[in-house]
Every structure is written in structure tokens, then in C-alpha cells.
Amino acid sequence: MNLNDPLMIAIKAINSISGKSLTEADIKRQRASMETAGKLAAPKGDIEIESVTVGEIPCEIITPDFAHNPRYLIMYAHGGGYLCGGLSYARILGAKLALATGFTVFSFAYRLSPEESYPAPIEDGLSVWNHLTEERGYSPEHVLFAGDSAGGNLVLCLTQKLLNETGTGPRGLLLFSPWTDMTATSESYEVNKEKDPTLTREYVIGAADAYISGAGDPKDPHFSPLFGDFSGFPDTYIMAGRNEILLDDSVRLKDRIIEAGGKAELDIEESGWHVYQQMPIPIAKRAMKRLSEYVSGEIYGEH
């Protein structure tokens, strides 16, 4: 993979998260870039979008026009290092998930660092879960969690919290390049530092510091779910790119779930990078087809 390739340059420009600085101006620029990317890249056909709120949390309901199974719902948390992202950005993968699965997707704009650090995003996720299961009447057996990058961190932490406190969690998890270890010490940081077109170790550490904000150690499971309890964990499908510095976050997550007696599948795209599924490119389309086949098998018994 050539980082000077026009596509890679475009990816860097859209993500705007490869720098070392986390100044207020940088974060503002990153947020604006990600919202613009969402408006440009999100699929617009064959879906309906409804804006709702859960308390003060802005949310979107994305419903596919065709092959819609209303019994199931995907609760989706967007990425962005807990620093960036919103409903427009979430719409990229939210719409793709709805079209790939035929399920309603419920995305939410959780509070962001540094204005609101831990545990604000987890609290927002819990509020949305309670809204879906208590007020909208969805059975946990009919809810899947999905998340990319920091959103993957959020739904993993929320699942562990739910299982620990209530014994009940979602039917399964769909994860895109999840951020599972905030210590930033795995080997893939070094192996892929010249290959990853979107992330740097410096940025990841800065984002982790902003999110944790002195509340504890990065290896605490509240921040790094990789080190948490996976007993009774739901079936999990993980997608990652071979060229991303967070690759080991996915590899080790799969291992931890299986070691605890659970079921996890890891799909590594050899020519992929961090959350490559967002891009309007062939490998992204093929990835969503594989995800569709996985979900079909899990729900309808064809897997």
C-alpha cells in the first residue's frame, strides 16, 4: 500500500486524525471534516431516516426500504476517538448496516471528549439501550450492537457492564476495527506505523488521555475492554484491516472471547486499513456482503 497514492491521501484528508496535536482548533477541524465526510459518503438511496431524541441524546433511526425485518434492530455507536463524530458521520456505516442486514439501525450522538469524558459516552449508550428495551419494547435477543473504532470500544464496555450488572446483553456484536486496548502497546503499532493511512500512535494516546481524563489507568477494563470479563459474552463478528495500527486490538479481542468460551469470528481484509468499510470502494462493498452473510447465518441459521 502506497501512502502517496491519491486514494490514501484522500482518506487522510477526510479522516483528519493522523496528527499529533489535539488542540481545540484541531478537534474543531476534525469534527467538521468528519461531518462533511458523512454528508458526502453516506448512502442516500433505499433508506428512510428519522431524527429522534433519547433524553438529550440526538439519535437517528435508519430503516431500509427493502427486505426489512422490523423485529431486529442494530444499536450503532460511531467512531472518532471519543473526540469526533456525530449523526452525519454515523450515517455512513449506519446506512450500510441497514442495507446489508435488512434491520433498523438506531445510531446516537454520544457526548464527546474533552468536553465530556468518561463515563459520559457509556452512560449515553446505557440510556439508549434502556430506551430501546424498555420504551420501544425490543427484546435483547433481537438487538445487535455495532460500533467502529471508539464506537466499538463503547459497545464492548457497555456489553460487559450490562452482563456484569444485569446478566442480560445484546444478541451479538458487529465490530469494525474496534479500539479495545488504550495502552497503545501492541506490536501492530510498530509493524503498521508506516502503513496505516489514518491513525498514529501519538493520536491514539492523546485521544485516550482526553477520554480517561485522569479517571484511572489505561489498562483498566472500564477503558480497555480487552482486559475485562468475557464470560457469557455474545457472539461477535470483528472486521479489521491488515494495515492498521489497531490490528492487534481485534486479533487479541477474538482470542479473549474464545478463551472465555465464547464465539468470535475475525475478518481481516489484507488490503484494508482502519474502518475501510466507510469508503465507496470495492473492498468495502465486499466486506458488507460478508457481514450480511454472517448476520443471515446467525439470525436465520444459514451460517
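The values are calculated or read from the model by the stated rules, or taken from the named source; none is laboratory data. Just so we're clear, the structure is a prediction, and the values are computed from it rather than from any experiment. Note that we place each Cβ from the backbone using ideal geometry, even for glycine, and neighbour counts take in every protein chain shown.
Annotations for the structure displayed:
- A single member of S231, S213 is at positive phi and surrounded by fewer than 19 Cβ atoms within 10 Å (Cβ to Cβ), and it is S213.
- For the residues Y76, Y82, Y138, Y89, the requirement of being in a helix (DSSP H, G or I), in contact (Cβ under 8 Å) with a residue 12 or more places away in the chain and of a type in the set (S, T, Y) singles out Y89.
- Within segment 164-196, the residues that satisfy the criterion of being outside any loop (DSSP other than H, G, I, E, B) and more than 25 Å from L291 (Cα to Cα) are N164, E165, Y189, E190, V191.
- Number of residues in segment 252-292 that are in contact with a Lys or Arg (Cβ under 6 Å, 6 or more places away or on another chain) and either among the β-branched types (V, I, T) or modelled with pLDDT under 95 (or both): the value is 1.
- Taking first residues from segment 282-303 that are under 14 Å from F103 (Cβ atoms) and acidic (D, E) and partners that are at pLDDT 95 or above and in a loop (DSSP other than H, G, I, E, B), the Cβ contacts under 9 Å between residues at least 6 apart in sequence or on separate chains come to E298/R171.
- Scanning segment 183-210 for residues being more than 29 Å from E259 (Cα to Cα), surrounded by fewer than 19 Cβ atoms within 10 Å (Cβ to Cβ) and among the polar types (S, T, N, Q) gives a total of 1.
- Scope segment 6-45; condition among the polar types (S, T, N, Q), surrounded by 13 or more Cβ atoms within 10 Å (Cβ to Cβ) and at pLDDT 55 or above; matching residues: Q30, S33, T36
- Top-ranked residue in segment 84-105 [being surrounded by 24 or more Cβ atoms within 10 Å (Cβ to Cβ) and within 23 Å of Y118 (Cα to Cα); ranked as modelled with the highest pLDDT]: A90
- Applying the criterion of being polar (S, T, N, Q) and closer than 17 Å to V143 by Cβ to the residues of segment 106-127, the residue that is surrounded by the most Cβ atoms within 10 Å (Cβ to Cβ) is S107.
- Residue within segment 293-300 that is outside any helix (DSSP H, G or I), closer than 29 Å to T168 by Cβ and modelled with pLDDT of 95 or more present: no
Matching residues to (1) touching a strand residue (DSSP E or B) at 6+ places or on another chain (Cβ under 6 Å); (2) closer than 20 Å to L174 by Cα; (3) assigned to a helix (DSSP H, G or I):
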| position | (1), (2), (3) |
| --- | --- |
| T198 | no, no, no |
| Y203 | no, no, yes |
| G214 | no, no, no |
| G261 | no, yes, no |
| G272 | yes, yes, no |
| R286 | no, yes, yes |
